[in-house]
Amino acid sequence: MTVLQTRSLTLAHARTPVIDGLDLDLPAGQVTVIIGPNGCGKSTLLSGLARVLAPRGGSVLLDGCALATMPTREVARRVGLLPQSAVAPDGLTVRDLVRYGRHPHQGLLRQWSRADAEAVDAALAAAGVEDLAERPLDTLSGGQRQRAWIAMVVAQDTPVVLLDEPTSALDLGHQIEVLDLVRSLAARGRTVVLVLHDLSSACRVADHLVALVDGQVVAAGAPGAVVNPGLVRRLYGVESVVVPDPTHGTPVVCPVGLAARTG
Amino acid sequence: MTFRTVVFRGLLPAGAVLALVVVASLAVGAGPVGPARALSVLVGGGDAEARFTVTRLRVPRTVVAIAVGIALGIAGALLQSVSRNPLAEPGLLGLSAGAAFAVVLVIAAGGSVATVGPHVAVIGAAVAGLLVLAAARMRGTGDDPVRLVLAGAALSGLLGATTSVLLLLDQRTADEVRFWTVGAVAGRDLSTLAGVAPALLLGLLLAVVASRALAALALGDDVAIGLGHRPRRVRAIAMLAVAFLVGAATAAAGPLAFVGLVVPFAARALVGPDIRHTLGICTLLGPAVVLLADVVSRLVARPYEMSLGVVTALIGAPVLVLVVRASRLPSL
């Protein structure tokens, strides 16, 4: 079953197409991680999935319906987005931030409700930031701040959650903190799609891996089935040994060196 | 920031300050009616001269100043939010100069101050706003806040000079608008307020409509889109609100600089960056700042009055220096 699909999707910045005619199915209720070298179109694809970037051609389908034809607020009730390195105004507290997640459920005539308050509390708890709720974001560590942003998306209460490099600039502990939170979202039945740089953490968190090169899918499937030295060479031009993680069994990539350039 | 803190840290102090300056505005003046005589009018007594001065002169100018203060305070907060620039201000960016220029132009073409409606000022403010934002390319997120102010200063200078030329060439226009172009609430009566009320109310209504989405835009356009907002439409509504408010304020009191800078700056210091809270506080602090400047304008050169526009500049310029010199500009 899939909730989110692309059909002949073409996305472009200015005139240059970054994604050209992409067909992709993102499995429901699972964690899909999009990987690929710098400039392969990972973030562009995520922007397209979140309708931040309008398709130049083709479409993104949500439950079979073209995203571009749906009212943006309706989409916001079903797809949550955390863009890369989002910034908040100075002095904004964690709870203030998480409350923004309820915007798609409110309007001029439908203001703050008890359901909104409950959703905010639940999101704070799910992201493990309830103790930090009254703290300004700029006083938090990178990992805490990132969990607060994810809490905002959780409060949005959408079946689909899109995260663009949520672990970039975080140290190992904070990365695991955030990735565990991602797993727990999927465990509660949400479809999570994220862009990650680090291949080993991608293998650890993903049910489904999508590898992009120049806007084209070169491999898709369970990490154990698709990650091998050939894929690593194709993605990054690096020779590697791929071994199973001693505790989790997921593939771990041990780089050997740059691959010899052939043609 | 909870509703409680907004009330205790923002609404109550700002309301108290406003109440004080309203009383001061009714009590003091450049003329012979001093606080004692004026206050006795307020409690129901007083002599005929004092009663006339308070009810016919000071009450109308106080009411007009309150309306102008609300308009400029809200317009400043909206403009700063839309441009993500803490220095954006209708006076500094040339919107007030645009409104004034439009009014002078229409008068030079044969109109009179009494018949030129606020819609002329609204159009002038809107055109000036579009020009200056286009000149400084407001959407580039990495933009230097000072650049927008430079573009505004250039536009203000150009419009101000052109306005002066029009006044030099045409004695009748000069007589009609001389006092008005430096900014004043003195001598304004309640019919002034009635004339600009529709533009003012429309501006406020649009501000309320846009406020929630504007608050979300502070998290960045991508986040706002993810939350179901449409950034371009929100900015357009907010800019329309700014044009109505600046047009109304300028039609009523002439171009006043710095009010739109000082008021949101103080409001943010009280209640933080959320535009919805800032706007609420601005409706109290805006009138307080304009009234305070007006009271000062009556006292510094007794028995004459100084121009209100001069006093707001004297209060506002140091605040501008303060904001620019702050170790880093607050990100909005």
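FYI, it's all coordinate maths here, none of it is from the lab. This one's a predicted model, so the numbers in the text were calculated from it and none came from an experiment. Reconstructed Cβ throughout: ideal geometry from the backbone, glycine too, with neighbour counts over all protein chains shown.
Cβ crowding within 10 Å ranks B:123, B:237 as B:123, B:237, fewest other Cβ atoms first. On full extension, the segment bounded by residue A:258 and residue A:183 gains 23.8 nm, given 0.36 nm per residue less the C-alpha separation.
Shielding by partners for peptide B:212-219, expressed as the average number of C-beta atoms from other protein chains within 10 Å of each residue's C-beta, is 4. Counting neighbouring Cβ atoms within 10 Å and putting the fewest first, the residues B:302, A:7 line up as B:302, A:7. Going by the alpha-carbon gyration tensor, a ≥ b ≥ c the square roots of its eigenvalues, is chain B rounded (a/c under 1.5) or, if a/c is not under 1.5, prolate (a/b greater than b/c) versus oblate? In terms of gyration-tensor shape, oblate. If one takes the longest principal axis of the Cα atoms in chain B, at what angle in degrees, from 0 to 90 and to the nearest 10, does the Cα axis of helix B:59-83 lie? Rounded to the nearest ten degrees, it is 10. Among the residues of A:84-91, the average count of other protein chain beta-carbon atoms within 10 Å of the residue beta-carbon is 6. Subtracting the Cα-Cα distance of residue B:16 and residue B:323 from their residue separation scaled by 0.36 nm leaves 108.0 nm.
Residue order for B:265, B:52, B:101, B:8, fewest other beta carbons within 10 angstrom first, comes to B:8, B:52, B:265, B:101. Value of Rg to Rh for the protein assembly as shown, rounded to two decimals, is 1.09; Kirkwood radius and Rg both from alpha-carbon coordinates. With the simple spin-label model, which puts each label point 7 Å out from Cα in the Cβ direction, the residue A:65 to residue A:171 separation comes to 4.6 nm. Please label the shape of segment B:1-153 as rounded, prolate or oblate, based on the square roots a ≥ b ≥ c of the eigenvalues of the alpha-carbon gyration tensor (a/c under 1.5 means rounded; beyond that, a/b larger than b/c means prolate, else oblate). Cα axes put segment B:1-153 in the oblate bin.
Extending 7 Å from the Cα toward the beta-carbon at both residue A:38 and residue B:201 defines two label points whose distance is 5.9 nm. Annotation: for a label point projected 7 angstrom from Cα along Cα→Cβ of residue A:138, residues of segment B:241-270 with backbone N closer than 18 Å are B:264-270. Both radii are taken from the alpha-carbon atoms of segment A:189-243; with Rh as the Kirkwood radius, Rg/Rh is 0.95. With bins 10 Å wide beginning at 0, the percent of Cα pairs of segment A:88-157 falling in each bin runs 24, 53, 21, 2.
Taking the Cβ-Cβ separation of residue A:243 and residue A:7 as r and a Förster radius of 45 Å, what is the calculated FRET efficiency to the nearest 0.05? Calculated value: 0.75. Counting only other chain Cβ atoms within 10 Å of each residue's Cβ, the peptide B:224-235 averages 6.
Computed over the alpha-carbon pairs of chain A, the distance histogram in 5 Å steps reads 1, 6, 13, 16, 18, 16, 13, 9, 5, 2, 1, 0, 0 percent, short to long. With a Förster radius of 45 Å applied to the C-beta separation of residue B:299 and residue A:114, the computed FRET efficiency comes to 0.30. The packing ranking, built from the mean of other Cβ atoms within 10 Å per residue, places the peptides B:13-20, A:39-46 in the order A:39-46, B:13-20, highest first. To test your reading of the geometry: what angle, between 0 and 90 degrees and rounded to tens, separates the Cα axis of helix B:190-217 from the longest principal axis of chain B? It works out to around 20 degrees.
Estimated from helical segments only, the mean residue ellipticity of chain A at 222 nm is -9000 deg cm²/dmol, where each DSSP H run of four or more residues counts as -39500 (n - 2.57).
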